[in-house]
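First comes the structure, then the notes that go with it.
The values are calculated or read from the model by the stated rules, or taken from the named source; none is laboratory data. No experiment lies behind these values; they were computed from the predicted model shown. Every residue, glycine among them, receives a Cβ derived from its backbone with ideal geometry; neighbour counts consider all protein chains shown.
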Amino acid sequence: MSGRWRKFYLCCLIALGVDAACAEPRAVPSFKKDIQPIFNTQCVFCHVTGAENAGLNLARHDAYRNLVSTKSTESELLRVAPGDLEKSYLMHKLRGTQLSVGGNGDSMPKVDPARFLDAGQVELIEKWILGGAPNN
């Protein structure tokens with residue numbers, strides 16, 4: 001395979017979510033093992049039954065159904081649009097771009113003092129959404 005075609009092939013693999021180094025599909029983060037623990041430590045104290053800011057309950061048994069393919073109460077977007085970061089209001093709230101998509105309020109998580117998710121946590125959520133936001 002010529003160098004040009006090899007480069008094209010590797011770019012196609014990357015676009016399909018395949019790690020070009022080992023040519024195996026990248027694992028989609030687990031909602032139960034990777035994503036819910038982030039909500040448990042960073043979000044649930046403001047988003048639980050009785051204190052559901054924006055009508056969003058992120059408690060363990062409610063989080064998935066309240067997020068995935070559910071319309072936001074603050075924007076025209078879905079809270080999580082499987083496979084699409086830009087149409088997922090959750091990502092805009094985490095990035096602080098919620099106003100640019102017709103949303104409102106502050107970036108999340110909002111605590112006093114402010115304590116944002118670290119880059120690794122945001123990346124996990126992004127990978128999970130891009131992987132179709134499975135209930136795994």
*Would you mind finding the one in MET108, MET91 that is at pLDDT 90 or above, part of a loop (DSSP other than H, G, I, E, B) and of a type outside the set (D, E, K, R)?*
MET108
*Residue list for region 37-80, restricted to those being assigned to a loop (DSSP other than H, G, I, E, B) and of a type in the set (Ser, Thr, Tyr)*: THR49, SER69, THR70, SER72, THR73, SER75
*Is it fair to say TYR64 is closer than 22 Å to THR41 by Cα and touching a Lys or Arg at 6+ places or on another chain (Cβ under 7 Å)?*
no
_Residues satisfying the stated conditions in region 96-105, i.e. surrounded by 15 or more Cβ atoms within 10 Å (Cβ to Cβ) and either assigned to a loop (DSSP other than H, G, I, E, B) or within 12 Å of the chain's Cα centre (by Cα) (or both)_ = GLY103
*When only residues in region 59-74 that are touching a Phe, Trp or Tyr at 6+ places or on another chain (Cβ under 9 Å) and modelled with pLDDT under 95 count, which is surrounded by the most Cβ atoms within 10 Å (Cβ to Cβ)?*
GLU74
*List pairs: first in region 119-136 and in contact (Cβ under 8 Å) with a residue 12 or more places away in the chain and closer than 15 Å to VAL68 by Cβ, second among the hydroxyl-bearing types (Ser, Thr, Tyr) and part of a helix (DSSP H, G or I), Cβ under 8 Å, 6+ apart or cross-chain?*
ASN135/TYR64
*asked:* Just to verify a result, which residue in region 111-136, among those that are at pLDDT 95 or above and part of a loop (DSSP other than H, G, I, E, B), is surrounded by the most Cβ atoms within 10 Å (Cβ to Cβ)?
replied: ALA133
